[in-house]
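> Below you'll find the structure I mean.
Values in this text are rule-based calculations from the coordinates and carry no lab data. Because the structure is a prediction, the values reported are computed rather than measured. Here the Cβ positions follow ideal geometry from the backbone for every residue, glycine too, while neighbour counts run over all protein chains shown.
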Amino acid sequence: MISINATFVLTIINFILLVFVLKALLFKPMIAFLEQRAKKIEDSLKLADENTKRAEDMKVEHDEIIKEARNKASEIVDSAMSNASNESREIMSEARAKAQATVDSAREEILLEAEHIKQELRQEVASMSVALAGKVLEREISEKDHRELIDKSLDVMNS
């Protein structure tokens, strides 16, 4: 069997003392060091998660800014196109109005010139009628007779 002697008891006491000394001097600082390291790792992971979330938020914000910029650029282009179209319509309208005014002015000038020519022609016809009538009748016609002849001649010509 096992014999218990003083050496054995001293070895057990020595072992127990060694465990308490190692626990106090080695295990507690080592456990504290491991706990600190675990806390630092946990804090680093939290910081990494926060940075990732912040980066995602910044990306969303960046995407929104780009979207707004594109929309604004599209609005500016649409506005410019609309303004150009309106300006083009105005220029075309002004050109048509000027062309129509020129045509109307020319038409009016032609009508005035035609009226002037008709007046001259009437006077010429009246003079010729009086001369012809005078030769036919071999006498001079009075102003009243002259007017009557002219009116009759013009009525015949207008008919």
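> Cα to Cα, under 17 Å, and not fewer than 8 places away if on the same chain: which lysines meet these conditions relative to LYS67?
LYS59
> Only helical DSSP H runs with n ≥ 4 go in: add -39500 (n - 2.57) per run for the chain, normalise by residue count and round the 222 nm mean residue ellipticity to 500 deg cm²/dmol. Before the final figure, lay out each step's value.
Numbers: 3 runs with 143 residues, N = 159.
The helix contribution divided over the chain gives -33500 deg cm²/dmol.
> As I understand it, the value is the acute angle between the Cα axis of helix 28-137 and the longest principal axis of the Cα atoms of the chain; what does it come to in degrees, rounded to 10?
Approximately 0 degrees, to the nearest ten.
> Something else now. If one takes the longest principal axis of the Cα atoms in the chain, at what angle in degrees, from 0 to 90 and to the nearest 10, does the Cα axis of helix 6-22 lie?
20 degrees
> In the neighborhood of ALA114, defined by Cβ-to-Cβ distances under 14 Å, what is the net charge if each Lys or Arg adds +1 and each Asp or Glu adds -1? All intermediate terms of the calculation are to be shown ahead of the outcome.
Working: positive: ARG107, LYS118, ARG122; negative: GLU108, GLU109, GLU113, GLU115, GLU120.
Residues near ALA114 contribute -2 overall.
> If you compute mean projected area of the Cα convex hull in nm² for the structure shown, which of (1) 12.5; (2) 25.1; (3) 9.7 do you land on?
(2)
> Between helix 143-158 and the chain, what is the angle of the helix's C-alpha long axis to the longest principal axis, kept within 0 to 90° and rounded to the nearest 10?
50 degrees
> A follow-up question, please. Got a sec? Charge dipole of segment 1-132, +1 on Cβ for Lys and Arg, -1 for Asp and Glu; which of LEU112, ILE31, VAL77 is way out at the positive end?
Working it through, the farthest residue towards the positive pole turns out to be ILE31.
> Calculated FRET efficiency, ASP155 and ILE117, Cβ-Cβ r, R0 22 Å, to nearest 0.05?
Details: r = 19 Å, r/R0 = 0.88.
That gives a FRET efficiency of 0.70.
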